[in-house]
1. Hey, Met112 hits all of (1) within 10 Å of the ligand (Cβ to nearest atom); (2) in a loop (DSSP other than H, G, I, E, B); (3) touching a Ser or Thr at 6+ places or on another chain (Cβ under 8 Å); (4) not β-branched (Val, Ile, Thr) but one; which does it fall short on?
2. Taking the options Thr135, Thr127, name whichever one is touching a Cys at 6+ places or on another chain (Cβ under 9 Å), among the polar types (S, T, N, Q) and within 16 Å of the ligand (Cβ to nearest atom).
3. Tell me, yes or no, whether the range 121-143 has at least one residue that is over 21 Å from the mean Cα position of the chain (by Cα) and small (Gly, Ala, Ser).
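Taken together, the values in this text are just the output of simple stated rules run on the coordinates, not laboratory data. Keep in mind that what you see is a predicted model, and the values were worked out from it rather than measured. Here the Cβ positions follow ideal geometry from the backbone for every residue, glycine too, while neighbour counts run over all protein chains shown.
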Amino acid sequence: MNYVLALDIAGTPFRWMEPREAIHYHAAGKVAWELGAELAVFRGGVSRAGIRSQLTTRSVIALAKSEAMVKWAREILPLKHDNRMLFKRDRHLCAYCGDQFDRRDLTRDHIMPLSRRGADTWENVVTACKHCNHTRKRNRTPEEAGLPLHYVPYAPCRSEYFILSGRRILADQMEYLLARVPRDSRLHAKAN
Ligand SMILES: [Zn+2]
């Protein structure tokens, strides 16, 4: 299924939502504006005049009266337990050997190990292959292990976070999000 990218009234990504839910917002008159290709059409009942109602949604919608979300949108974006977004951020490259791996051969490495009070945050984790994590680096810092990082970890900005969390992102949604990702992000290198 393709998801609708919902924005707050300021155009900040709010969340991915199912087309059915987006239609609900349309029906309630809560969509301020929309852009992108038509994503879904839902047919409603037939009116007395014999006209069947129809609601459509485009792939990007901005929700009206969402000023409260604008504040929420500044909050920190969580590093989920599932490593999918982390591996995507790091382009499936091991930070220690620099090689690319399948998801099943990768792990989440804490640069400062958890056992030594390292934090489980975007800035303290990198993607590492099983061999590098369990055999080469182990419970040490990269410095102690003599393993310099191939890249620097970072917390994604909001638009980047939505790119990382989307499963099947449509071209117009990607265009909208990429335009809001800082130029020095690694995602731009990937898009080119
Ligand atoms: Zn490796």
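1. All conditions are met except number (1).
2. Result of the check over Thr135, Thr127: Thr127.
3. no
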